[in-house]
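Report on the structure given below.
The values are calculated or read from the model by the stated rules, or taken from the named source; none is laboratory data. Only a predicted model underlies this, so the values are computations on that prediction, with no experimental measurement involved. As a convention, Cβ positions derive from the backbone with ideal geometry for all residues, glycine included, and neighbour counts pool all protein chains shown. Note: accessible area is taken over every heavy atom of the protein model, side chains too, but ligands, DNA and RNA are not part of it. Shrake-Rupley method; radii C 1.70, N 1.55, O 1.52, S 1.80 Å.
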Amino acid sequence: MEHRPSAREAAQPIYLDHAATSPLDPEVRAALLPWLGELFGNPSSAHLHGRRARAAVDAARDRVASATGCASREVIFTSGGTEADNLALRGVLERWGPERGRHLVVSAVEHEAVLATARGLAEAGRADLTVVDCDRRGRIDPAAVAAAVRPDTVMVSVMLANNEVGTVQDVPAIAAAVRARNPRVLVHSDAVQALGRLPLGLDALGVDLLSLSAHKAYGPQGVGALVARHGTFPAAQITGGGQERERRSGTENVAGIAGFGVAAELAERSREADARRLHELAGRLTNLLVETVPGVEPTGDPDRRLPGLCSLVVPGCRSDLMLAVLDELGVCASAGSACSSGAPTPSHVLQAMGFGELGGCALRLGLGRFTTEADIEAAAERVGQAARRVHEAGAPAVGRLGPTG
Ligand code: PLP
């Protein structure tokens, strides 16, 4: 049945779920739309249409390379961050495991795209896995990662910025500590949340592989990249026609890739100004909530956080109930991460950070390029209103609605 918008939906809710996905930037849309209309072509075709499509893919590849400080040939386009993470872990293990060993080290706060993949490989007997714990702020200690590294470790994967609580890891220190212990280990970082918000220079980060996704940075859904330093050679996990220099087969998503290229360029161009503004706005929102909503506790690391992410726990207010009331009040928010909606399981990130039952009361407000000060003030007021309503309803504080991104 067709969905008829209610009066409130028609009045445009305040969108504070940019960590789940972001709207297309108008420049991205303008670059992408012709490829859904008059332009088309298979980049592998030698004729005019094919050459045009190839040129669009190549231009986007150059833009992603420039945003990450790598060579264009080091960019492998994928269907998004999840596939990039899978290609990194599975591809490196398959390529280097037989020679170097099959031990993987990941952090306890990784997105499921890394964590579930690593666990699946271990359960299938294809890898040995060490999961490194975090502290109460979600920080991973570089010394603890180095201590987990063994002579047979093939790869370490630690995300740059956490999608649930926004903690930014000291990836350069982690990479240096890992290399000091075993120089052959490849270092991967999931930077999906960081594009357009944090600097992504591969050299400065000291990593060999980096995962990206367009839709977290005002680009389209269903496209991303694994940046893989020349020499890392992750084995293809999707085989066929040999596209992407034999790293990822399948006819390229030309429209998506063209949009991603522009999103990556915009991300770099506006990163500093965006990050400064978002950092201030999120700080203001956090302060307003701490001042006005009883018991609110910000989560994550206040000293190293992803610009624009405000994450907290609201004791006594179950996440799923809060989100439902906020939705009614015209605020789109989420509880944290996970891509399996509907499962009221506690967040593995907040569990690892030691929040226990309180993890079921998480609230994540993700700000973006188009968020205004007025949005922040209205949202703070509505979160207070929602908390009062949930308290009055007296629901027990357990579980959370499996959210998004
Ligand atoms: N890694 C992180 C940190 C994320 O936040 C997400 C978002 O869902 C992903 C990976 C998966 O990316 P995608 O949605 O492009 O598959």
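For region 175-313, the per residue solvent-accessible surface stands at 37 Å², with DNA, RNA and ligands left out and a 1.4 Å probe. Counting only DSSP beta bridges with both residues in the chain, the antiparallel share comes to about 50 percent. Within the shell of other residues whose beta carbon sits under 13 angstrom from the beta carbon of residue 118, the net charge comes to -2, with Lys and Arg scored +1 and Asp and Glu -1.
Across 106, 64, 293, mean-square fluctuation computed from a Gaussian network of the chain (C-alpha pairs under 10 Å connected) peaks at 293. Once the C-beta distance of residue 123 and residue 99 is scaled by a Förster radius of 30 Å, the resulting FRET efficiency is 0.80 to the nearest 0.05.
Amide H contacts under 5 Å for residue 78: 224, 225, 226, restricted to partners 5 or more places along the chain or on a different chain, H placed in the peptide plane at 1.01 Å from N.
The simple spin-label model puts a point 7 Å past each Cα toward its Cβ; for residue 304 and residue 150 those points are separated by 2.7 nm. Figure legend: label point modelled 7 angstrom from the Cα of residue 62 along Cα→Cβ; residues of region 250-281 with amide N under 13 Å from it are 262.
Once a ≥ b ≥ c are taken as the square roots of the eigenvalues of the Cα gyration tensor of region 234-275, is the result rounded (a/c under 1.5), prolate (a/b larger than b/c) or oblate (a/b not larger than b/c)? Show your work: numbers first, answer last.
Details: a/c = 4.92, a/b = 2.46, b/c = 2.00.
Verdict is prolate for region 234-275.
Residue separation of residue 269 and residue 44 scaled by 0.36 nm, minus their Cα-Cα distance, works out to 77.9 nm of gained length. Listed by number, the DSSP H helices of the chain that run 24 Å or longer by alpha-carbon position along their axis and have mean Kyte hydropathy of at least -1.0 are 48-68, 81-100, 254-292, 373-393. Its DSSP H runs of at least 4 residues, each contributing -39,500 (n - 2.57), put the calculated 222 nm mean residue ellipticity of the chain at -12500 deg cm²/dmol, to the nearest 500.
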